[in-house]
Amino acid sequence: MWLRYQPDLPPQYYFEEIPELNVQERKGLLKRYATYKGLDLSSEDLRFFSDLLSGYPEQVLFAVDSISDLGLYAVRKDSHLIREYADDKAKVIVESFSNDQKKLEFHYFLSKFEFISYEFLFSLVN
């Protein structure tokens, strides 16, 4: 298999291109993750949300986590946020903190760094 781009990384790194999820994989992940989160989504709800997905796995997680946190009605009402998530991921994440100035400022602070270790991050939070 030829990769379009093979980075020049030291041997301890491994690189492989991973394609987006196909339609069946998206639907399966949506259903399984919703069940894992304790949500009982109807067939119609699963169809509605799966039609919004583009194949990006984190988009599925975002959709289910949003339903879990905000409720089905609120997420259906603002379903455009799920569709936009893959296209404008950073903007959607920042908007989710718009009502919490402290969290928003913390994210702005973190964005100043190019790299942050987990150790440093947890030292800030604790």
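The values are calculated or read from the model by the stated rules, or taken from the named source; none is laboratory data. This one's a predicted model, so the numbers in the text were calculated from it and none came from an experiment. Cβ coordinates were reconstructed from backbone atoms using ideal geometry, including for glycine residues, and neighbour counts include every protein chain displayed.
Structural remarks
- Selected residue (criterion: surrounded by the most Cβ atoms within 10 Å (Cβ to Cβ)) from residues of the range 71-92 that are of a type in the set (D, E, K, R) and modelled with pLDDT of 90 or more: Arg76
- Options Ser68, Ser96: the member that is outside the structural domain of Leu29 (by TED's automatic domain parsing), surrounded by 15 or more Cβ atoms within 10 Å (Cβ to Cβ) and within 24 Å of Lys31 (Cα to Cα): Ser96
- Residue count for the range 50-86, restricted to those that are touching a residue at least 12 places away in the same chain (Cβ under 8 Å), of a type in the set (Asp, Glu) and either farther than 16 Å from Leu21 by Cα or not in a helix (DSSP H, G or I) (or both): 1
Results for (1) over 23 Å from Tyr33 (Cβ atoms); (2) in contact with a His (Cβ under 6 Å, 6 or more places away or on another chain); (3) not aliphatic (A, V, I, L, M), shown as yes or no for each residue.
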residue	(1), (2), (3)
Leu52	no, no, no
Pro57	no, no, yes
Leu61	no, no, no
Ile67	no, no, no
Asp88	no, no, yes
Leu104	yes, no, no
His107	yes, no, yes
Glu119	yes, no, yes
Leu124	yes, no, no
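- Qualifying residue in the range 105-115 (condition: farther than 26 Å from Phe49 by Cβ, small (Gly, Ala, Ser) and without any contact (Cβ under 8 Å) to a residue 60 or more places away in the chain): yes
- Of all residues making up the range 36-49, the number that are polar (S, T, N, Q) and outside any helix (DSSP H, G or I): 1
- The set of residues in the range 19-35 being assigned to a loop (DSSP other than H, G, I, E, B) and among the hydrophobic types (A, V, I, L, M, F, W, C) consists of Leu21 alone.
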